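The block underneath contains the structure these notes are about, expressed in structure tokens.
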């Protein structure tokens with residue numbers, strides 16, 4: 001597990017500076033920490049979840065692949081996170097950028113964003129937890145630049 005987190009803490013090659021401002025990184029880190037606490041994330045479960053996701057990566061859908069490619073153009077610093085942890089629900093593809101968008105909307109409206117609701121309905125909360133954790137680690141690395 002630590003080797004995965006170490007890998008996610010490194011920015012992809014070719015990324016010299018963050019596309020996020022320091023204020024945005026601070027905001028998203030706080031929102032992700034709050035979400036982590038609300039979801040009661042247990043670190044011991046992550047290894048099992050990562051194993052399941054690795055199996056699913058072999059059958060990635062064209063829609064999810066397209067969404068990852070599109071987002072990687074806008075947020076190249078989240079490319080590795082999306083490649084490993086983005087997933088689909090019955091509503092949409094859930095990428096790191098969409099997660100951050102949902103957290104901002106949740107903060108602005110003061111109620112859960114549809115991502116949380118859809119993930120719960122589709123039994124994809126585990127996938128959301130992994131994406132959230134990987135995104136948080138990446139933001140921590142960005143903040144160190």
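When the test is whether a residue is exposed (fewer than 14 other Cβ atoms within 10 Å of the Cβ), modelled with pLDDT of 90 or more, at negative phi and out of contact with any helix residue (DSSP H, G or I) (no Cβ under 9 Å at 6 or more places or on another chain), residue 66 passes it. Of everything listed in (1) at pLDDT 85 or above; (2) farther than 24 Å from residue 23 by Cβ, the single unmet condition for residue 130 is (1). With respect to the conditions (1) in contact with a helix residue (DSSP H, G or I) (Cβ under 8 Å, 6 or more places away or on another chain); (2) free of Cβ contacts under 8 Å to residues at least 12 places away in the same chain, residue 120 lacks only one, and its number is (1). Cβ separations smaller than 6 Å between residues 6+ apart or across chains give no pair from segment 22-40 residues that are modelled with pLDDT under 80 to residues that are loosely packed, with under 12 Cβ neighbours inside 10 Å.
Restricting attention to segment 86-145, the residues being over 15 Å from the mean Cα position of the chain (by Cα) and over 16 Å from residue 31 (Cα atoms) number 10.
Of all residues in segment 108-124, those being assigned to a helix (DSSP H, G or I) and either surrounded by fewer than 15 Cβ atoms within 10 Å (Cβ to Cβ) or at pLDDT 90 or above (or both) number 6.
Only one of the listed residues (13, 18, 3) is assigned to a helix (DSSP H, G or I), at pLDDT below 80 and either under 16 Å from residue 140 (Cβ atoms) or over 13 Å from the mean Cα position of the chain (by Cα) (or both). That residue is 3. Only a single criterion out of (1) within 21 Å of residue 140 (Cβ to Cβ); (2) buried (at least 17 other Cβ atoms within 10 Å of the Cβ); (3) at pLDDT below 85 is not satisfied by residue 74, namely (2).
The values are calculated or read from the model by the stated rules, or taken from the named source; none is laboratory data. Owing to the predicted nature of the structure, the values given are computational and were not obtained by experimental measurement. Cβ: placed from backbone, ideal geometry, glycine included. Neighbour counts: every protein chain shown.
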